[in-house]
1. Less than 19 Å apart at the alpha-carbon level, and either on another chain or at least 8 residues along: which lysines does that give for LYS72?
2. If you bin every alpha carbon distance in region 95-157 into 10 Å steps from zero, what whole percent lands in each bin?
3. Mind checking which lysines have their Cα closer than 20 Å to the Cα of LYS285? Skip sequence neighbours fewer than 8 apart in that chain.
4. Grab the beta carbon distance between ALA258 and ALA81, set R0 = 51 Å, and tell me the FRET efficiency rounded to 0.05.
5. Viscosity 1.567 mPa s, temperature 4 °C: Stokes-Einstein D of region 36-132 from its Kirkwood Cα radius, in µm² per second?
6. Among the lysines, which have Cα under 21 Å from the Cα of LYS194 when same-chain residues fewer than 8 positions away are ignored?
7. For a protection proxy built on the mean count of beta-carbon atoms within 10 angstrom, sort 271-277, 68-74, 301-307, 201-207 highest first, please.
8. Label points 7 Å out from Cα along the Cβ direction at ARG37 and LYS64: separation in nm?
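No lab work stands behind these numbers, since they all come straight from the coordinates. Just so we're clear, the structure is a prediction, and the values are computed from it rather than from any experiment. Note: ideal-geometry Cβ built from the backbone for every residue, glycine included; neighbour counts use all protein chains shown.
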Amino acid sequence: MLICIIMTNKTFTAKVDLLAHSSRGEEETDVELPRPRLLDQVRDRLRLKHYSIRTEQAYLGWIKRFILFHGKRHPREMGKAEVEAFLTSLAVDRNVAASTQSQALSAVLFLYQEVLEQELPWLDEVTRAKRPVRLPTVLTTAEVGDLIRAVAEPEMALVVRLLYGTGMRVMEGVRLRVKDVDFSRREIVVREGKGNKDRVTMLPDSLVEPLRAKVRLREHQHSVDLEQGKGSVFLPHALAVKYPNADTFFGWQYIFAAATFSTDPRSGVVRRHHLDEQRVQRAVKRAAAQAKLVKTVSPHTLRHSFATHLLEAGQDIRTVQELLGHKDVSTTMIYTHVLNRGGLGVTSPLDRM
């Protein structure tokens, strides 16, 4: 069998005779076929399994650090001792958080399990950092009001109100598409949330008209984009192939779109992406400083506040669990500790004196 190999650096064609497979496996060839670089193999595997672009970037970064840490040795030559040495260095020398160390471990394990296809009998023996149990930061309703009023940009203020009013994560908010908002039913469908799960959350009555106005502005902007031949949007997974023209339909457009066009890092297509979540994070940070809030505030704090305030209002915990999209109710139970209620609603003996 003849195989034509096209080299990328110098274009030429080489014909290589391959020996047939024996019963014991593939025999060696006289000429070694060029293999994709290891990081390219990791990238291809991540995209095949539909990992997000941010997870892809993070995993590639950690795998590169792992290889450089051990003097550019190939991962096939390394094992449990090298992985533990790398993780220990992160914790001792760099003093990273347990969540950061856990992400590094996940990236290295993905390399071995998914790309190199190696069995890891030593996996259970690897020492993993134990995540400390922290109570979430929660704002009072008055503090949330001060924060929202301190947001200068109208679009950012709408995003902040949406995050607090629905309990969505910041990425779920900026990725919200026109078709997923049902104004008549007063509900929002959150697509591909954490764990790649869909869920339904509420649409606050106070946001119906502001969000409708935002959708009308996006419709006009989308019409202008179509006239310029740039009205497409990123579609998840194979939808772009299954529905070739769906990327230009208005229903698929992001409600909170970027002000300018950008190049898709995967396909290279120039299109209007969603609002950068870092803009929301910076806007919340500035607003917290303007409102003189002493608590550490981020967009995720609004999600914690949403859940806590619902429980304070007497909403049952199962409903809050569904709105937040928690897999297990024990995750939602942490907000009962924030309320200082606990399972028994204990009252301090000092308050009974």
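1. LYS72 reaches LYS64, LYS80.
2. 16, 26, 17, 20, 16, 5
3. Within the straight-line cut-off, LYS285 pairs with LYS295.
4. 0.65
5. Stokes-Einstein gives a translational diffusion coefficient of 95 µm²/s.
6. In chain and number order, the partners are LYS49, LYS179, LYS327.
7. Descending mean neighbour count gives 301-307, 271-277, 201-207, 68-74.
8. That separation, rounded to one decimal, is 0.9 nm.
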